[in-house]
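Before any comments, here is the structure.
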């Protein structure tokens, strides 16, 4: 029997699913902030909360080498889309500042390059931020891809996967305040403690599409996909489902975050119909070519993106059934599309409601539904 462990995401204090535009019918929308001037981040997160986004993620790098020969694995060009002139804001400072200016939206890392840090420091930051934010932190981690960054920090690139595995084990142990030591290839220490536990457990998601990354994600609380095709996302989800089933882990205590390459409504609708409840939409305005946008322009672009993506009929739960077309009850693991609701898209309805500009209108006190 699968181990029934409550979803770590359900223990925070977000808005009720039925009370937010970003997940009003089951789909939760989020986006990544990376490379913006430091003073832009918090206003963008505050506006995202008003618009009803579920989560804002902060991208991570420590330094940018002026020469990068490593190809970025998730674009055809091999370019990661940033340069040595791109601001690299510290993720934990950014998260703390944004959390202090908001009250309901989740904030997380997507993804923190874990092998570049000592797990003690990551666990301490994550627990502190979780307690100060009222349980709204999501720790997204990855093994990294940029060899030159590892070289600059004096950390072996080839062993980053094994280092990441050990770091995750150490972080889990410290976050649970288990006074046990550890002995591994990279980290060895006698019993230690942070002296505190998180107000709510810190969910850990793992990014990447390699077999090692999927295996790593299956042991944690969620998977952060890359900008791959819908077919590949479905295949990766199935691989993770098989790994969790083999390990006897509860399939419901897991979230799959997918990253469509477009905010086109038809594209997003296909992801929703395929059963993906967490969609990380590309905020292209932050990364466009040309002169950087002002904060006011970025805020306006965020509002336009919200109007584009937050359509009620994009929900996988909006149809007549929560099962797939073949009758399978395994909601997140099934590769079959769900029946479409057949409802008229809101863009064709009269009097479509625009995004409310006040937090009070969007906020609800009821807890999130326990099921992912």
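Here are some notes:
- Qualifying residue in the range 173-185 (condition: in contact (Cβ under 8 Å) with a residue 40 or more places away in the chain and assigned to a loop (DSSP other than H, G, I, E, B)): no
- For the range 203-218, the set of residues classified as out of contact with any strand residue (DSSP E or B) (no Cβ under 8 Å at 6 or more places or on another chain) and either touching a residue at least 60 places away in the same chain (Cβ under 8 Å) or in a loop (DSSP other than H, G, I, E, B) (or both) consists of 209, 210, 212, listed by residue number.
- Checking each residue in the range 146-165 for being in a helix (DSSP H, G or I), in contact (Cβ under 8 Å) with a residue 40 or more places away in the chain and closer than 17 Å to residue 208 by Cβ picks out 147, 149, 160, 161, 163, 164, 165.
Residue by residue, here is whether (1) surrounded by 22 or more Cβ atoms within 10 Å (Cβ to Cβ); (2) at positive phi holds:
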| position | (1), (2) |
| --- | --- |
| 79 | no, no |
| 88 | no, no |
| 108 | yes, no |
| 111 | yes, no |
| 119 | yes, no |
| 122 | yes, no |
| 126 | yes, no |
| 134 | no, yes |
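- Subset tally (residues that are in a loop (DSSP other than H, G, I, E, B), within 25 Å of residue 305 (Cβ to Cβ) and modelled with pLDDT of 95 or more) for the range 226-259: 1
- Looking across the range 174-202, the residues that are under 23 Å from residue 221 (Cα atoms) and in contact with a strand residue (DSSP E or B) (Cβ under 7 Å, 6 or more places away or on another chain) come down to 182, 202.
- One residue stands out in the range 266-290 among those that are surrounded by fewer than 18 Cβ atoms within 10 Å (Cβ to Cβ) and assigned to a helix (DSSP H, G or I): the one that is nearest to the chain's Cα centre (by Cα), namely 284.
- Tally of residues being in a strand (DSSP E or B) and under 22 Å from residue 281 (Cβ atoms) across the range 111-145: 7
- Residue within the range 252-265 that is closer than 23 Å to residue 287 by Cα, in contact with a helix residue (DSSP H, G or I) (Cβ under 6 Å, 6 or more places away or on another chain) and free of Cβ contacts under 8 Å to residues at least 40 places away in the same chain present: yes
- Of all the numbered requirements in (1) more than 18 Å from the chain's Cα centre (by Cα); (2) touching a residue at least 24 places away in the same chain (Cβ under 8 Å); (3) within 29 Å of residue 181 (Cα to Cα), residue 69 misses one, and that requirement is (3).
The values are calculated or read from the model by the stated rules, or taken from the named source; none is laboratory data. Owing to the predicted nature of the structure, the values given are computational and were not obtained by experimental measurement. Note that we place each Cβ from the backbone using ideal geometry, even for glycine, and neighbour counts take in every protein chain shown.
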